[in-house]
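Undergrad: After the structure tokens below, expect a handful of questions from me.
The values are calculated or read from the model by the stated rules, or taken from the named source; none is laboratory data. From a predicted model like this one, the values you see are computed outputs, not experimental measurements. Positions of Cβ are backbone-derived with ideal geometry, glycine not excepted, and every protein chain shown enters the neighbour counts. When the accessible area is computed, the model is the full protein with side chains, heavy atoms only, and any ligands, DNA or RNA have been set aside. Shrake-Rupley method; radii C 1.70, N 1.55, O 1.52, S 1.80 Å.
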Amino acid sequence: MNITLICVGKIKEDFFRDALSEYSKRLSSYCSFNIIEVDDEPDSSGVTGALKKEADRILKNIRAGMYVITLEIKGKKFTSEGFSDKLSDLFLNGKSDIAFVIGGSNGLDKSVTDISDMAISFSDMTFPHQLMRVILSEQIYRAFRIMRNEPYHK
């Protein structure tokens with residue numbers, strides 16, 4: 001099983017980097033877990049132009065056969081158990097190469113959302129994309145623990 005996070009922007013704070021390192025280590029027991037960072041684009045060319053340039057960078061990292069899940073405020077919401085069930089269903093149905101895409105501060109260009117197999121949301125609130133990486137990584141780890149009936153704090 002391959003899980004890739006494709007994210008716009010770099011992690012700047014050490015505490016986010018440390019948390020991601022910890023979840024990457026934990027996830028290594030369950031899957032191949034990779035984080036790809038693509039450069040964010042300054043808004044100097046306008047938001048639409050910036051989104052398009054970021055989209056081009058994102059799309060270069062999506063391989064044929066990947067199941068693409070975008071994080072969008074209007075995406076489907078899951079409980080932790082429901083998210084675990086969804087990942088389990090994907091794996092059982094031969095979707096073992098999954099890419100989660102997290103946009104930058106302006107969101108995602110339509111060219112990325114159009115190729116997405118599913119959009120998910122963690123809340124109606126907006127979170128910094130750096131924090132969202134940590135939250136998503138934790139939920140992926142939790143999903144594997146749930147799948148295997150392994151203990152994890154509630």
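Undergrad: Looking only at segment 87-109, filter to residues that are without any contact (Cβ under 8 Å) to a residue 12 or more places away in the chain and outside any loop (DSSP other than H, G, I, E, B); which one of those is farthest from SER44 (Cα to Cα)?
TA: This residue is LEU92.
Undergrad: Give the residues of segment 127-144 that are within 18 Å of PHE78 (Cβ to Cβ) and in contact (Cβ under 8 Å) with a residue 24 or more places away in the chain, sorted by residue number.
TA: Of everything in segment 127-144, those that are within 18 Å of PHE78 (Cβ to Cβ) and in contact (Cβ under 8 Å) with a residue 24 or more places away in the chain turn out to be MET132, ARG133, VAL134, LEU136, SER137, GLU138, GLN139, ILE140, TYR141, ARG142, ALA143, PHE144.
Undergrad: Run ALA55 past the list (1) touching a strand residue (DSSP E or B) at 6+ places or on another chain (Cβ under 7 Å); (2) within 11 Å of VAL112 (Cβ to Cβ) and report the number of the one that doesn't hold.
TA: Against the list (1) touching a strand residue (DSSP E or B) at 6+ places or on another chain (Cβ under 7 Å); (2) within 11 Å of VAL112 (Cβ to Cβ), ALA55 comes up short only on (1).
Undergrad: Moving on. How many residues, within segment 61-79, are exposed (fewer than 13 other Cβ atoms within 10 Å of the Cβ) and closer than 14 Å to ILE35 by Cα?
TA: Looking only at that region, the number is 0.
Undergrad: For a quick check of your reading of the model, give me the residue pairs whose first member lies in segment 61-84 and is among the small types (Gly, Ala, Ser), whose second is part of a strand (DSSP E or B), with beta-carbon atoms closer than 7 Å and at least 6 apart or on different chains.
TA: Pairs that qualify, where the first residue is among the small types (Gly, Ala, Ser) and the partner is part of a strand (DSSP E or B), are GLY65/ASP97; GLY75/ALA119; GLY75/ILE120.
Undergrad: If you don't mind, there's one more thing I want to ask. Please go through segment 34-58 and pick out each residue that is open to solvent by less than 30 Å² (accessible area, probe 1.4 Å) and touching a residue at least 40 places away in the same chain (Cβ under 8 Å).
TA: ALA50, LEU51, GLU54, ALA55, ILE58
Undergrad: What about ALA19, is it buried (at least 18 other Cβ atoms within 10 Å of the Cβ) and modelled with pLDDT under 95?
TA: No.
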